[in-house]
Structures are given as structure tokens and as C-alpha cells.
1. Taking only protein heavy atoms into account and a 1.4 Å probe, give the accessible area per residue of the protein assembly as shown in Å².
2. So if I place +1 on the C-beta of Lys and Arg and -1 on the C-beta of Asp and Glu, and nothing else carries charge, what would the dipole magnitude of the protein assembly as shown be about its Cα centre? I want it in debye, nearest 20.
3. Share of antiparallel DSSP beta bridges in the protein assembly as shown, in percent to the nearest 5?
4. Sequence neighbours fewer than 8 away in the same chain don't count; with that in mind, list the lysines whose C-alpha is under 26 Å from B:K22.
5. Would you please classify the overall shape of the range A:47-94 from the alpha carbon gyration tensor, given that a ≥ b ≥ c denote the square roots of the eigenvalues, rounded means a/c under 1.5, and beyond that prolate means a/b larger than b/c while oblate covers the rest?
6. Considering only the other residues whose Cβ falls under 14 Å of the Cβ of B:Y61, what net charge follows from Lys and Arg at +1 and Asp and Glu at -1?
7. Among A:L82, B:V37, B:S109, flag the residue with its Cα farthest along the positive direction of the charge dipole of the protein assembly as shown, charges on Cβ as +1 for Lys/Arg and -1 for Asp/Glu.
8. For labels at B:E66 and B:N12 in the simple 7 Å Cα→Cβ model, what's the distance in nm?
Amino acid sequence: DAGVTQSPTHLIKTRGQQVTLRCSPKSGHDTVSWYQQALGQGPQFIFQYYEEEERQRGNFPDRFSGHQFPNYSSELNVNALLLGDSALYLCASSRRDRGTEAFFGQGTRLTVV
Amino acid sequence: AQSVAQPEDQVNVAEGNPLTVKCTYSVSGNPYLFWYVQYPNRGLQFLLKYITGDNLVKGSYGFEAEFNKSQTSFHLKKPSALVSDSALYFCAVRDWAGKLIFGQGTELSVKP
């Protein structure tokens, strides 16, 4: 079992550009969540996908959007990048059952210059 | 609103000594609590969880946590610290829809 895999691992973009990050969940998991972790802070929830729909959203602007595919994999898209979007983006997968733990990928380090 | 607090930014422990990383929570209803560990430039690794049952929860790598409802705390403990335990530790609570709400993290430093 490969666990949760994210790509790419590192990315450098220019202000105003758009970026797409990808995530493949752990086998058997149907729910994918995305988190943003700024340097020195705890992860902040962006949104969650289940059955190909956004189910819950954190306090992030509409520039942040996502998608979940029938195979449960997911994408995070960020438009009109700002310097403040520089962070580690973490994907977490889980089963819908609230009592199960989420497993995290290694993250994508996004740097906006 | 649900929240988690980790009152210590850093904890320093000598190798072989017991360690405690503190966490307090504020939730409505029964809490679903988790501890994760993060090594430099890596994702989060699950350590343990409290859903219901015994107040002392055992997890990975010899870690355990004590759930205390009256003090709304969920402290992470290990009887004997290793240098390799040095990392960033996060406490989290899971809401009804599955969102994890994290504390700010505690950096654990174990010195030989």
C-alpha cells in the first residue's frame, strides 16, 4: 500500500499564475481533504471532497478550488497566486466514518515569487 | 466553535527521561482527538487517537495519551524519550464532518 501520494513535491510559481496539485488517497479511503501549512503554524483546513463533491470548506477564498475524480483522487487548484500562498500543501485521506484517522501525504511545497 | 490549544511552543527533554506534550481542547459534544507527528519537510504521521473508552490511549512508537474530560486535556506522553523523537507534534480535534482542527504545534527536542 503506497499510502497517500502527492505530486509534485516542490513547485515554484510566479505571482498571478495558476497551480494544480494532485493527490492519490490511501487504498480503501473515499474522502480527501486539503490543508495549507504556513511556516511555523499548524495545518489549516481548505476543503474536503467526498463522492466527487465539496462537502466542507474552510476560510479560504474562491481562488482555491478542487476536484475529486471517480477513483477518489483529487486536485487542488489555486488561481491568481499571491506571495502569501507560499506554504506546504497537505492532502489527507480517510474513510467517511468520523472515528477513523486521516492519513497524510508528504505534501507539496509551493513557493510563489 | 471547536478549538485545540498547545500551550508550549517547545519542550526540551533529556534522552531517557519521560516526556509530556500538552494539549487542551474545547468542543461541543464528545471529542474525537488525535495526535500527529511531523518531521522536517514531511507530512504528518498519525500517532494515536481517542474516540471513546479507556482514558489512557496507546499509540505508535511507544507514545500514549491521557484523556481527561474534567480538565479538557489530552496530553501526549512517553516514559523514556529518544533522540529520534525530536520533531513537531500536533494535537487535533475532528469535527462532525471530518475536518481536523489543529493546534499550533509543539517542537520536541530530545538531547543525548
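The values are calculated or read from the model by the stated rules, or taken from the named source; none is laboratory data. Not measured: the values here are computed from a predicted model. Quick reminder, even Gly has a Cβ in these numbers, built from the backbone with ideal geometry, and neighbours come from all protein chains shown. Only protein heavy atoms, including side chains, enter the accessible area calculation; ligands, DNA and RNA are left aside. Shrake-Rupley method; radii C 1.70, N 1.55, O 1.52, S 1.80 Å.
1. Values: 10680 Å² over 225 residues.
Averaged over the residues of the protein assembly as shown, the accessible area is 47 Å².
2. Details: 21 positive and 20 negative charges, 34 e Å.
Dipole of the protein assembly as shown, to the nearest 20 debye: 160 debye.
3. Just about 90 percent of them are antiparallel.
4. Qualifying lysines at Cα under 26 Å: B:K49, B:K58, B:K69, B:K77, B:K78, B:K99, B:K111.
5. Numbers: a/c = 2.01, a/b = 1.83, b/c = 1.10.
It is prolate, given that a/c is not under 1.5 and a/b is the larger ratio.
6. Numbers: positive: B:K58, B:K77, B:K78; negative: B:E64, B:D85.
Cβ neighbours under 14 Å give a net charge of +1.
7. After comparing all options, I get A:L82.
8. Label-label distance for B:E66 and B:N12, simple model: 2.5 nm.
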